[in-house]
């Protein structure tokens with residue numbers, strides 16, 4: 001009887017350990033896929049003497065999503081760079097840059113949205129690529145697309161020249 005009890009106890013312990021290890025090995029790590037890709041914008045100006053692009057800074061910047069009451073960046077000071085999200089449901093995203101005073105620029109980013117399957121546990125992720133950029137030139141001089149793919153790794157996408 002004691003041998004049967006020891007065998008049953010050993011089987012129960014083995015089953016518990018197997019279940020625990022098996023459960024941990026199947027747990028999905030979706031941390032990288034749950035992050036939303038953003039476009040990273042860095043500020044520049046052209047040095048008039050050399051014509052070489054140099055890093056720049058804005059005193060203050062607020063960015064809103066055009067046609068909505070969404071504020072993406074609210075009164076950021078000493079702005080050297082910032083990140084912006086692209087819409088999943090449309091092929092363009094329109095931003096309004098509000099500078100000090102009433103001066104604004106509108107930036108329209110056209111992009112592709114391509115969903116791709118990650119896994120059953122993590123679902124789908126959206127791959128977004130910039131195809132073109134239109135903008136007003138009230139304060140902005142020009143915009144250069146440095147890298148068209150929105151990502152989570154902080155890679156520069158747009159060079160904004162002031």
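Among residues belonging to segment 80-106 that are in a strand (DSSP E or B) and within 13 Å of residue 140 (Cβ to Cβ), point out the one that is nearest to the chain's Cα centre (by Cα). Even if it seems obvious, please write down each step before you answer.
Applying the first criterion (in a strand (DSSP E or B)) to segment 80-106 yields 81-85, 92-98, 104-106.
Okay, now just the ones that are also within 13 Å of residue 140 (Cβ to Cβ), so 95-98, 104-106.
Working: 95: 15, 96: 18, 97: 18, 98: 21, 104: 24, 105: 22, 106: 20 Å.
The residue in question is 95.
Residues checked against (1) farther than 23 Å from residue 128 by Cβ; (2) surrounded by fewer than 10 Cβ atoms within 10 Å (Cβ to Cβ); (3) at pLDDT 90 or above:
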{"residue": "10", "(1), (2), (3)": "yes, no, no"}
{"residue": "16", "(1), (2), (3)": "yes, no, no"}
{"residue": "30", "(1), (2), (3)": "no, no, no"}
{"residue": "34", "(1), (2), (3)": "no, no, no"}
{"residue": "40", "(1), (2), (3)": "no, no, yes"}
{"residue": "49", "(1), (2), (3)": "yes, yes, yes"}
{"residue": "58", "(1), (2), (3)": "yes, no, yes"}
{"residue": "65", "(1), (2), (3)": "no, no, yes"}
{"residue": "70", "(1), (2), (3)": "no, no, yes"}
**Request:** Can you tell me which residue within segment 112-122, out of those that are in contact with a strand residue (DSSP E or B) (Cβ under 8 Å, 6 or more places away or on another chain) and surrounded by fewer than 15 Cβ atoms within 10 Å (Cβ to Cβ), is nearest to residue 102 (Cα to Cα)?
**Result:** 112
**Message:** Among the residues that make up segment 136-144, is at least one of them touching a strand residue (DSSP E or B) at 6+ places or on another chain (Cβ under 7 Å), closer than 19 Å to residue 65 by Cβ, surrounded by 13 or more Cβ atoms within 10 Å (Cβ to Cβ) and free of Cβ contacts under 8 Å to residues at least 40 places away in the same chain?
**Reply:** yes
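The values are calculated or read from the model by the stated rules, or taken from the named source; none is laboratory data. This is a predicted model, so every value here is computed, not measured. FYI the Cβ positions are ideal-geometry reconstructions off the backbone, even for glycines, and counts take in every protein chain you see.
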